[in-house]
Amino acid sequence: MPKCVIDGREIDVPAGTTVIQAGLMAGIEIPHFCWHPDLPVDGNCRMCLVEIEKMPKLQIACNTVVSDGMVVRTTSEKAVQAHRTTLEFLLVNHPIDCPVCDQAGECYLQDQYMEHGLHDSKIQPEEKVRKRKVVDLGPIMLDAERCVLCSRCLRFEANVTGTNSFEFVNRGDHMQISTFENRPITHNYAGNLADVCPVGALLSHDFRFKMRVWFLEATDSVCPGCSTGCNIFIDHRDGEAQRLRPRRNVEVNKSWMCDIGRKEYKEIALDTRVTAARVRGTSGWEGASVPTALDTLADRLREAGTASAFLATPQATNEDLFAFRTLAEKVGGMLDFRVGDPQDKVRVLEDSVLLRADRNPNTQGCLDQGLGRTGVKEILAACAAGKVGALVLQGPELLRSAEALDALGRVPFVAVMATREEPLLDRAHLVLPAAMWAEVDGTFTNYQRRVQRIRRAFAAPGSATPRWQMAAGVSTRLGTPLPAATARDVFALLARAVPDYAGLDFKTVGAGGRGLPAGPEQIATQEARA
Ligand code: SF4
Ligand code: SF4
Ligand code: FES
């Protein structure tokens with residue numbers, strides 16, 4: 001392992017580590033524009049120049065590999081002067097757009113200018129080279145004047161999506177970024193272009209002019225859009241999600257997420273959320289408090305006993321699933337989760353990047369907890385034969401199934417935990433308001449068998465409640481309370497009950513998740529089969 005010294009800090013790094021990476025390992029961020037941790041090095045911006053002992057000229061940190069005994073200075077007079085000069089050069093034709101630019105507050109150029117530049121421009125605004133502004137590329141807006149020609153977007157398109165949408169056109173200070181004939185970006189990963197662009201040249205159409213970023217609070221979470229489980233930030237303000245951004249995890253999604261996943265935040269804010277419980281009475285729906293609704297559910301399960309059935313949902317957290325499974329076992333009812341066979345798609349990639357065919361975040365959690373037991377067909381057959389007195393649905397999937405319609409009509413009591421209003425809820429007799437993924441603490445287990453934390457960003461609307469709490473509430477009413485007051489407690493119980501999760505807790509799962517012991521072999525065999 002080569003040993004080097006950066007700004008007086010000694011550090012051992014793996015062979016092949018570049019100076020910019022070594023700096024980050026030592027907690028030193030070397031200024032940069034074109035370098036990105038998940039893209040090939042291009043070395044074009046010259047912002048990362050550093051002084052290295054025994055080398056006559058400054059070197060670019062992003063493309064210089066650390067050698068043993070190397071001594072690097074990033075803040076020497078020569079290095080700082082180089083940063084200032086590079087910035088001044090980059091800003092020669094840059095418009096004075098910060099007050100109206102949506103990147104302000106998260107712009108590398110703005111940050112670097114405040115940190116290293118602070119020079120007065122020698123160029124008058126009318127002397128600057130004008131380029132195209134407000135070019136609509138579909139999900140992305142291009143402002144070529146703001147571009148620093150770093151080529152990150154080109155490299156993303158060439159190396160991640162393989163779509164090569166961008167090219168540089170013209171020469172010298174007239175050079176600018178463009179798509180062929182201004183064609184829009186049509187792939188499912190366009191949002192990442194706005195993320196990789198270090199300035200306000202590529203902006204998200206969806207988020208543009210919606211909110212100044214300094215008003216936003218970021219909460220770590222995991223995208224619920226498919227079984228990949230991309231790590232994300234939920235950016236929110238006043239209890240409302242404003243956008244989702246990828247959170248880097250080299251084991252799962254690197255720095256990327258798909259556009260389908262990015263739109264998941266809109267589901268949370270829908271004004272059709274189920275915010276209160278309701279029970280079907282003799283003259284139609286009657287509002288009820290959640291405790292009263294849980295009393296009703298407990299009574300019906302007590303009556304039905306083993307003639308009850310439970311269908312879990314792979315949309316739920318591991319904690320929800322554990323509490324639901326515990327309730328089903330207490331009652332002795334039938335149990336499954338495989339509506340639509342998500343288990344067959346959990347590892348199937350839908351494109352060449354991230355998106356998987358299983359659009360549930362926690363099918364693997366259902367499998368790990370052994371929730372595929374009775375069989376959905378068998379449960380429906382029992383319903384159709386009039387052998388089910390109470391059916392509890394952890395999510396509304398079965399209500400949406402046309403084949404289930406007749407069978408459901410034969411069940412005297414159907415309870416459903418739902419997040420959004422839909423006409424199909426009228427097929428139930430009791431509706432319980434469930435909190436959504438951004439409103440709860442918990443874990444999902446992704447297709448790799450990686451357990452990952454989701455965190456509560458804001459409160460659920462109305463009386464919407466985490467599913468595990470509602471299941472635990474019914475267990476309490478049936479005389480066997482779940483010894484857990486929080487999602488963390490439920491996960492501790494789960495870790496004791498499911499051998500592969502032994503020894504895990506919220507702390508050990510941490511920010512980046514934890515792979516389960518049997519994970520990699522299982523992935524290899526199952527992916528080979530897919
Ligand atoms: S548009 Fe953004 S990412 Fe692309 S070259 Fe310009 S500054 Fe770099
Ligand atoms: S690939 Fe799946 S998990 Fe990742 S962002 Fe897209 S929908 Fe979400
Ligand atoms: S970051 Fe090193 S040259 Fe651009």
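FYI, it's all coordinate maths here, none of it is from the lab. Please read these numbers as outputs of a predicted model, since none were measured by experiment. Note that each Cβ is placed from the backbone with ideal geometry, even for glycine, and that neighbours are counted across all protein chains shown.
Can you give the alpha-carbon Rg of the range 277-529 over 2.2 N^0.38 Å, where N counts its residues?
Compared with the compact-globule rule of thumb, the range 277-529 sits at 0.98.
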Worksheet item: With axes computed from alpha carbons, what is the tilt in degrees of helix 487-497 against the longest principal axis of the chain, rounded to the nearest 10 within 0 to 90?
Response: 70 degrees
Worksheet item: Give me the log10 of I(q) over I(0) for the range 124-210 at q = 0.11, 0.18, 0.19 Å⁻¹, as the Debye formula computes it from C-alpha points; what are the numbers?
Response: -0.28, -0.73, -0.81
Response to the item:
Ordering 474-481, 361-368 by per-residue average of other C-beta atoms within 10 angstrom, highest first, gives 361-368, 474-481
Worksheet item: In nm, to one decimal, how far is the modelled label at A104 from the one at R248, with both set 7 Å along Cα→Cβ?
Response: 2.7 nm
Response to the item:
Here the gain from full extension of E421 to D505, 0.36 nm per residue of separation minus their alpha-carbon distance, amounts to 26.8 nm
Worksheet item: What translational diffusion coefficient, in µm²/s and rounded to a whole number, does the Stokes-Einstein relation yield for the range 420-485 at 37 °C and a viscosity of 0.692 mPa s, taking the hydrodynamic radius as the Kirkwood radius over Cα pairs?
Response: 235 µm²/s
Discussion item. Over the range 261-332, what portion of Cα pair distances is larger than 17 Å, expressed as a whole percent?
Written reply: 63 percent
Worksheet item: Residue by residue, what Karplus-based ³J(HN,Hα) values in Hz, rounded to whole numbers, does the range 423-433 have, using 6.51, -1.76 and 1.60 with θ = phi - 60° and x for Gly and Pro?
Response: x, 5, 5, 5, 7, 9, 10, 9, 10, 10, x
Worksheet item: Over what distance in Å are the Cα centres of the range 377-438 and the range 75-116 separated?
Response: 58 Å
Worksheet item: For the range 3-90, what are the per-bin percents of Cα-Cα distances with bins 5 Å wide, up to the bin holding the maximum?
Response: 3, 16, 29, 26, 18, 7, 1
Worksheet item: Just how many % of Cα pairs in the range 64-119 lie over 13 Å apart, if you round to the nearest whole percent?
Response: 67 percent
Worksheet item: Helix 467-477: angle to the longest alpha-carbon principal axis of the chain, degrees 0 to 90, nearest 10?
Response: 30 degrees
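Counting other Cβ atoms within 10 Å, keep those with at most 13, restrict to DSSP loop, and tell me which GluC sites (Glu not before Pro) in the range 1-82 are left.
E29, E53
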Practice prompt. Give me the number: length gained by fully extending D42 to V169, i.e. 0.36 nm times residue separation minus the C-alpha to C-alpha distance, one decimal in nm.
Written response: 43.9 nm
Worksheet item: Roughly how tilted is helix 318-331, in degrees to the nearest 10 and between 0 and 90, from the longest Cα axis of the chain?
Response: 10 degrees
Worksheet entry | Spin-label zone in the range 436-480 - amide nitrogen under 15 Å from a point set 7 Å from the Cα of D299 along the C-beta vector | 477-478
Item to complete: Would you calculate a helix-derived [θ] at 222 nm for the chain, using -39,500 (n - 2.57) for each DSSP H run of n ≥ 4 and dividing by the full residue count, to the nearest 500?
Response: -7000 deg cm²/dmol
Practice prompt. Normalising by the residue count of the chain, find the relative contact order in percent from Cα pairs under 8 Å and 6+ residues apart.
Written response: 11 percent
Worksheet item: How big is the chain in terms of Cα radius of gyration and Dmax, in angstroms?
Response: 27.3, 89
Response to the item:
Using the Kirkwood formula on alpha carbons, the hydrodynamic radius of the range 215-300 in angstrom works out to 15.5 Å
Discussion item. What FRET efficiency comes out for A158 versus M55 if R0 is 30 angstrom and r is the Cβ-Cβ distance? Round to the nearest 0.05.
Written reply: 0.45
Worksheet item: Which lysines does K210 reach when only Cα atoms under 22 Å apart count, and residues fewer than 8 places away in its own chain are ignored?
Response: K133, K263, K266
Worksheet item: Once the mean 1/r over all distinct Cα pairs of the range 136-280 is inverted, what Kirkwood radius in angstroms do you read off?
Response: 16.7 Å
